[in-house]
Amino acid sequence: MLEKLPYLIELQCIKCLSESSGVKRMSEKKRLNAMMIYKLLPQTNCRICGEPNCMAFTVKLLNRSVELKQCTPLFDEEQYAEKAEKLKELIAPLELAKETGIILEDEKCIGCGNCVVCCPANATVAPETSGGKGIKEAHPDIIFLVEKGLARIYKLERCRRYEPPRTNCRVCEMMCPTKAIEILQ
Amino acid sequence: MSKEISDVICPGCGVLCDDITVNLKENVIVSNYNACTKGNTKFLDINANRLLKPTIKMNGTNKEVDLDTAISKTAEILLNAESPFLYGWSATTCEAQRIGIQLAKELKGLVDSTSSFCHGVSLSTLLENSWSTATLGEVMNRADVILYWGSNPIESHPRHMSRYTTVPRGIFRQAGKEERTVVVIDIRKTRTANITDRFLEVEPNRDFELISVLRSLVNGDRPDIETVANVTLKEVNRLLELIKEADFCAIFFGLGLLMSAGTYHNVSNLLSFVAELNQFTKVVAIPMIGHYNMIGFNHVCSWLTGFPYGVDFRKEYPMFNPGETTTVELLQQKEIDAMLCVAADPVSTLPYSLTSYLKEIPVITMDRQMTPTTRISKIVIPVALSGIEVSGTAYRMDSVPLYMKNIISPPDGILSDEMILTKLLELVKEAK
Ligand code: SF4
Ligand code: SF4
Ligand code: SF4
Ligand code: SF4
C-alpha cells in the first residue's frame, strides 16, 4: 500500500508544494487540469478507448500514457468536432513535454544553473553539482547541464518524477527564476 | 584537433566562476559547459567587432599603422600633456593595472578606474568604518540568511545564487536552499525575488531611512512610526529578528543601493548596521562587483599608492581626493589634456555632458573591439582579451585573487594590455 502512495499523491496533487513555498508560480497561465480536459470529452463512458470511463481516460491523457486519438467517438461523431479541435489545442503542450512533463524553454533560460544545482537526481550522478560547481565533462547520466549558456536536459529518465518511486518533485521548477522550466500537470 | 580545458575562469562578471569547461577546435572556442548566458558570450563571441590593426586618426580618417608607431605616438602625446589621465582598468589583469599605475607615476599624471563612480566608493567608506566580510565559500558553507539589497543577481551575476549563496549545499548547510532564508530588498519585484522567500519593496531613494530605522531598532530604540520607506515597522522588525536569530547572515549590496539618493552614505550606514549586528550574531557584507576585476584595481592601487582609486601624481607624490581627483570631476572641470583609456568604454557609460569634452582632447584607446569610445579616439590599439587570450590575476568580488588561464592565443600581432603598457613605460622612462 505504502509504495503506491506516491502515485496517489501525484494524481491528486493540489500543488501544495509550489504554493506553500511562498513563491507564487504559474499565476499568469492557468495550469492544465483534469477538469478542463474532461469537459471536452464525450463523457459517455463508452469504454471504446479501453478505459473504464472518461475520467480515467482523462487522467491517463494527462499522464501521457494514452493518446487522444484512442477516443475514437470524439473524432468520428460530428457533434464532437468542435470539442475535438479545442481539446487538441489544449493538450498540445503535453506533446512538447518530455516523459515527466517537464518543459524547458530556451528563450527564457539565462543559464543561471539553479536547476543543475538544486536537482536531487543530478546530485546523485554528479555530487559536485549540489555544491554549486559545474561538472567537468558531460556525464552520460546527468539530467540538467548548462551548455553554451543555456540549460539542457540530457537524461530525463533519471528524474524523480519518472523513476520509481515517483515523487512529486518540482524543485527545478520552483528554483528557476525566469520560469523557463514548467512542469505540466 | 579538438581539446577540452576544464576549470577555466570566466571573465564575465565579479563572480569569476572558476569551473567552466571549454571545448576548443584549432584555437577556436566552439562550446563550453557551465558558463551562464552572459559568460557564454564572452567565450563564444570573442571575435565580434574585433579590432585587428592599430589606427591613428589623421584629418578625420583612420589610418592603419604598425604597432610600434602607434605606441611611440601614444608616448609622445602622453609626455607632451600637462595632465595625462589614465582611465579604465576594471576589465584587465592586475599585472596590467600595476604597470598602468607605474606609468601614471612616471608621467606625473592621474590614474582612476571605473570604480570611482561605482563600488570603489563603497571601498572608501572603509576609511570611516570597520568592515565585516567573508569569502563566498564561507557564505556557501555557513550562511543561513542571505540578504540582497539593491541588487538583482539573476540579471547581473546569473550564477551568484546557484554557485555560492542560495541553492548549493555547504558543509554546515547540507540541505541547501531548505536551510537558507533569502530576502530581497529592492525598489521593484525583480526576477531574483521570484525565487526568494521574502521581498521588501522599498520606496526609491529611501534606503537610508530604512537602514537608519533598522539601526535604531538594533540599538533598542522604539521609533514612533508605522512605516518607513513604504515598509511597515512590523516587517522591518521581522527582518531584524530573522537576522538576529541567524547563525551566519550574508548581506550583498548592489548598485541599487549605491546609486540611489545618499550614494555612499547608504553603504556607510549599512556597514555600520552590519558592525552593530555582530554583537548578536555573525553578519558580513559583500559588494556585488560588476566588472570582473574592478576590485582588483582598488587592491593594486592601494598597495602601490596607499589609495584605492583616483590618484593624482602631478605633485610627484600620490594624492587622493574623491570629488577632485576622480573621473567625473576631472572631466567636468576639463582638467585633463590627454587620456589613455584601457579596457573601458567611457563614451557609452558616462553621460554625454561629461564625454563631450573627450572630443576636444587626444584620446588613446586600448580595446579588443570597436566601441563608441574607439570611434572618437585619436589612436586605437587593439589588445588581446584578458582572461581568455592572456593569463593573469583577477580579484573576485569577495577580494579573493584568482589566476586566469590563457586558453587560446590572440590573433597574430596582437599583444596583451600588460605588454603594450610595458613598452609605453619603457619609452616614457627613456624620454626622461
Ligand atoms: S472512448 Fe472517449 S467517450 Fe469513450 S470512454 Fe473513452 S474517453 Fe470516454
Ligand atoms: S523534477 Fe526534481 S528530479 Fe526531476 S528534474 Fe526537476 S528537480 Fe530534478
Ligand atoms: S534555472 Fe531556469 S534559467 Fe536557470 S539555467 Fe535552469 S532553466 Fe535556465
Ligand atoms: S556568473 Fe559571471 S563569472 Fe559566472 S559564468 Fe556568468 S558571467 Fe561568468
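Quick notes on this structure:
- Percent of Cα pairs exceeding the 20 Å cut-off, where the set is region B:36-98: 55 percent
- Here's the thing: no aspartates and glutamates lie within a cross-link span of B:K63, going by alpha-carbon distance under 13 Å and ignoring same-chain residues fewer than 8 apart.
- Candidates B:E324, B:E203, B:E226, ranked by Gaussian network fluctuation over chain B, Cα under 10 Å, top entry: B:E226
- Neighbour counting of Cβ atoms within 10 Å sorts the residues B:V231, B:V284, fewest neighbours leading, into B:V231, B:V284.
- Selection among B:V121, B:N40, B:S72 by position relative to the dipole of chain B gives B:N40 as farthest towards the positive end (Cβ unit charges, Cα centre).
- The aspartates and glutamates whose alpha-carbon is closer than 17 Å to the alpha-carbon of A:K108, local same-chain residues fewer than 8 away aside, are A:E28, A:E147, A:E173, A:E182, B:E155.
- Angle between chain B longest axis and helix B:67-80 axis [Cα atoms, degrees, rounded to 10]: 80 degrees
- Counting neighbouring Cβ atoms within 10 Å and putting the fewest first, the residues B:D66, B:D247 line up as B:D66, B:D247.
- Two-site label geometry, B:S130 and B:I5: point separation in nm, points 7 Å out along Cα→Cβ: 4.3 nm
- Choice from B:S90, B:S268, B:S31 with maximal GNM fluctuation in chain B (Cα, 10 Å cutoff): B:S31
- Translational D in µm²/s for chain B (Stokes-Einstein at 37 °C, 0.692 mPa s, Kirkwood Rh from C-alpha pairs): 144 µm²/s
- For A:A34 and A:K108, the FRET efficiency from 1/(1 + (r/R0)^6), where r spans their Cβ atoms and R0 equals 30 Å, is about 0.65.
- Intensity falloff of region B:2-44 expressed as log10 I(q)/I(0), Debye formula with alpha-carbon point scatterers, at q = 0.15 Å⁻¹: -0.30
- Fully extended contour minus Cα-Cα distance, from B:D221 to B:K63, at 0.36 nm per residue: 50.0 nm
- Note on B:E276/B:V400: beta-carbon distance plugged into 1/(1 + (r/R0)^6) with R0 of 35 Å gives a FRET efficiency of 0.85.
- Axis of helix B:207-218 versus longest Cα principal axis of chain B: the two differ by about 40°, to the nearest ten degrees.
- Candidate lysines for bridging to B:K429, where Cα separation is under 20 Å - those fewer than 8 sequence places away on the same chain excluded: B:K73, B:K105, B:K108, B:K315
- Peptide A:121-133 shows a mean partner chain C-beta count of 4 within 10 Å per residue C-beta.
- Ranked A:F75, A:F144, B:F297, B:F248, criterion: other C-beta atoms within 10 Å, fewest first: A:F75, B:F248, A:F144, B:F297
- Surface/4 of the Cα convex hull for region A:107-153, nm²: 3.0 nm²
- Prolate/oblate/rounded label for region B:121-287 (Cα gyration tensor, a/c 1.5): rounded
- In degrees, nearest ten, helix B:417-431 long axis to first principal axis of chain B (Cα): 50 degrees
Here, each number is a calculation from the coordinates, and none is a lab measurement. If you're wondering where the values come from, they're calculated on a predicted model, not measured in any experiment. Ideal geometry is used to build each Cβ from the backbone, glycine not excepted, and the neighbour counts take in all protein chains shown.
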